[in-house]
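First the structure, in the form of structure tokens, and then the observations on it.
The values are calculated or read from the model by the stated rules, or taken from the named source; none is laboratory data. Values in this document were obtained by computation on a predicted structure and should not be read as measured data. Because the Cβ atoms are built from the backbone with ideal geometry, glycine has one as well, and the counts that use them run over all protein chains shown. To get the accessible areas, we keep the full protein, side chains included, count just its heavy atoms, and leave off ligands, DNA and RNA. Shrake-Rupley method; radii C 1.70, N 1.55, O 1.52, S 1.80 Å.
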Amino acid sequence: MHHAFVLVHSPSVGPLTWDPVRCRLDAHGAVTALPSLVTVAAAGPPFWPGIAGIVADAVDQLPADQPIVIVAHSNAGLFVPVIASRVARPVRGCVFVDAALPAISGSTPVASPEVLDFLRPKATDGRLPQWTAWWDEADVAPMFPNAQVREAVSAEQPRLPLSYYEESVPVPAGWDKGPNGYVLFGPPYDATAREAAKRGWLVDEVPGLHLHQLVDPDAVTRSITTMTDTWRLRQSREKR
């Protein structure tokens with residue numbers, strides 16, 4: 001049975017950031033799940049069990065025993081190990097799309113000390129503004145294909161607690177034993193893509209800004225499916 005694609009958005013934004021890719025996968029006959037993490041602010045601290053639980057619940061709605069590929073964007077990459085450990089079915093691989101990388105083992109801080117220094121002055125009563133309000137307009141506007149998409153995506157963004165960024169996420173041992181891949185859009189994730197390559201992962205580049213899956217969902221979908229098709233071909237050859 002072919003795998004299903006489980007699209008995991010960053011908790012800093014919402015599921016609409018993956019919706020164009022989901023639509024294209026569905027149009028090609030793929031099975032998909034796109035859980036919403038916009039309520040995780042109420043689930044912690046710690047926040048990671050709620051994230052893993054929401055995704056696991058969505059996976060439970062897929063056809064029984066269907067294997068999955070986890071596709072995570074941005075900050076959601078940090079939660080891939082706990083998601084893979086929590087879901088009750090085989091994980092055929094994980095694709096990190098312009099995403100943060102978890103550690104191989106131990107735990108991974110959600111934010112670096114430098115990022116926390118950037119965020120703390122922005123918090124009001126322990127809550128941060130919506131993610132797109134962190135940046136200058138000149139940086140935010142080009143990430144969206146048009147004003148309508150920006151309005152819709154912005155409307156569903158949560159205001160996360162600062163404590164979300166202050167926690168660390170555990171990394172279950174062996175989470176990366178299956179195939180993994182990285183799809184790079186561009187800086188500042190180019191160094192992260194190099195780290196993925198050092199880990200022996202497949203790496204592809206679809207040049208764009210951080211929400212490029214909204215701007216060119218066809219190219220991003222093609223990169224993801226080409227990567228997973230490559231895994232399947234390699235595995236079939238190894239079985240011969």
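Give the residue, chosen from Val91, Val110, that is open to solvent by less than 30 Å² (accessible area, probe 1.4 Å) and in contact (Cβ under 8 Å) with a residue 12 or more places away in the chain.
Numbers: Val91 fails: open to solvent by less than 30 Å² (accessible area, probe 1.4 Å).
After applying the criteria, what remains is Val110.
Please specify each residue of the stretch 34-51 satisfying the condition of being within 16 Å of Tyr165 (Cα to Cα) and touching a Lys or Arg at 6+ places or on another chain (Cβ under 8 Å). Write out each step before concluding.
Quick first cut of the stretch 34-51, residues within 16 Å of Tyr165 (Cα to Cα) only: 37-51.
Listed by number, the list holds a single entry, Ala41.
Given the criteria without any contact (Cβ under 8 Å) to a residue 60 or more places away in the chain, over 23 Å from Val206 (Cα atoms) and touching a Leu at 6+ places or on another chain (Cβ under 7 Å), does Arg86 qualify?
Criteria not met by Arg86.
Out of all the residues in the stretch 60-77, is one or more without any contact (Cβ under 8 Å) to a residue 24 or more places away in the chain, within 25 Å of Ala152 (Cα to Cα) and outside any loop (DSSP other than H, G, I, E, B)?
The answer is no; no qualifying residue exists.
Tell me, yes or no, whether the stretch 215-223 has at least one residue that is surrounded by 13 or more Cβ atoms within 10 Å (Cβ to Cβ) and of a type in the set (Asp, Glu).
yes
Just to be sure, is Asp190 out of contact with any helix residue (DSSP H, G or I) (no Cβ under 9 Å at 6 or more places or on another chain) and not polar (S, T, N, Q)?
Yes: the conditions hold for Asp190.
Considering only the stretch 204-240, state which residues are modelled with pLDDT under 95, part of a helix (DSSP H, G or I) and not hydroxyl-bearing (Ser, Thr, Tyr).
Listed by number, the residues that qualify are Asp229, Trp231, Arg232, Leu233, Arg234, Gln235, Arg237, Glu238, Lys239.
Which of the residues belonging to the stretch 146-167 are open to solvent by 20 Å² or more (accessible area, probe 1.4 Å), farther than 30 Å from His3 by Cα and of a type outside the set (A, V, I, L, M)?
Asn146, Gln148, Arg150, Glu151, Ser154, Arg159, Ser163, Glu166, Glu167
Do we find that Trp201 is surrounded by 14 or more Cβ atoms within 10 Å (Cβ to Cβ) and modelled with pLDDT under 95 in this structure?
Working: surrounded by 14 or more Cβ atoms within 10 Å (Cβ to Cβ): yes; modelled with pLDDT under 95: no.
Taking the combined requirement at face value, the residue does not satisfy it.
What's the total number of residues in the stretch 26-38 that are free of Cβ contacts under 8 Å to residues at least 12 places away in the same chain and either not small (Gly, Ala, Ser) or not in a loop (DSSP other than H, G, I, E, B) (or both)?
Residues in the stretch 26-38 being free of Cβ contacts under 8 Å to residues at least 12 places away in the same chain and either not small (Gly, Ala, Ser) or not in a loop (DSSP other than H, G, I, E, B) (or both): 2 in total.
Would you call Asp136 over 29 Å from Ala219 (Cβ atoms) and surrounded by fewer than 16 Cβ atoms within 10 Å (Cβ to Cβ)?
no
Kindly evaluate Gly50 against the criterion of being over 18 Å from Arg150 (Cα atoms), without any contact (Cβ under 8 Å) to a residue 24 or more places away in the chain and in contact with a Gly (Cβ under 7 Å, 6 or more places away or on another chain).
When the stated conditions are applied, Gly50 passes them.
Looking only at the stretch 202-240, count every residue that is touching a strand residue (DSSP E or B) at 6+ places or on another chain (Cβ under 6 Å) and touching a residue at least 24 places away in the same chain (Cβ under 8 Å) and tell me the total.
6
Please state which one of Ala58, Ala76, Ala84, Ala52 is under 22 Å from Leu214 (Cα atoms) and open to solvent by less than 50 Å² (accessible area, probe 1.4 Å).
Ala76
In this structure, is Glu195 open to solvent by 40 Å² or more (accessible area, probe 1.4 Å), modelled with pLDDT of 95 or more and more than 16 Å from Gly77 (Cβ to Cβ)?
Numbers: open to solvent by 40 Å² or more (accessible area, probe 1.4 Å): yes; modelled with pLDDT of 95 or more: yes; more than 16 Å from Gly77 (Cβ to Cβ): no.
In short, no.
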